[in-house]
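The structure appears below as structure tokens.
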Amino acid sequence: MLLAAIMSTGYLAMNPGLTTAAHSEFFIDPAEPQTNTTTTASYPDRLQPNATTNVTLGIGNHEHQSFSYRITVVWNETTTQSHQLRLADNETRLYPVQLEAPSEPARYRVQFQLYKQNETNPALQTRLFIRVNETATTPR
């Protein structure tokens, strides 16, 4: 019995990947390359109608196999973009997304939704809040 326990512990120590739960990561990349800032404050919270800005999303695959993902961008309740990508096991990718503000001034919740394989509900979500108005400063 003791020998079996020692062998099991040794096997798990030599194969740590088998002890981690399968999961995916999804985040807004907080780094702004020009300043090395590490907060989402580097992203604008105000835009003029129809103005564009860029957001970088991070996706990490720790599912123990290659995995297909779909990213959607939703302004309030309206889906405006959909992107497909495939990641190898243990691959993390930074994925740039260009946002275009709606023409109607308002406060918008911009959701970024990550769907795994062919699932119909998002597995993970993150968001930004952006106010669209005529007096907003132009994004960097």
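See the values below:
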quantity: Residue in region 114-129 that is crowded, with 17+ Cβ neighbours inside 10 Å and among the β-branched types (Val, Ile, Thr) present; calculated: no
quantity: Residue satisfying all of: in region 55-76; of a type in the set (Ser, Thr, Tyr) and touching a Lys or Arg at 6+ places or on another chain (Cβ under 9 Å); surrounded by the fewest Cβ atoms within 10 Å (Cβ to Cβ) among these; calculated: Ser66
quantity: Which listed residue, of Ala88, Ala101, Ala106, Ala21, is surrounded by fewer than 16 Cβ atoms within 10 Å (Cβ to Cβ), of a type in the set (A, V, I, L, M), at pLDDT 95 or above and more than 17 Å from the chain's Cα centre (by Cα); calculated: Ala106
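The values are calculated or read from the model by the stated rules, or taken from the named source; none is laboratory data. Computed from a predicted structure; not experimentally measured. Counting neighbours? That spans all protein chains shown, and the Cβs are built from the backbone with ideal geometry, glycine included.
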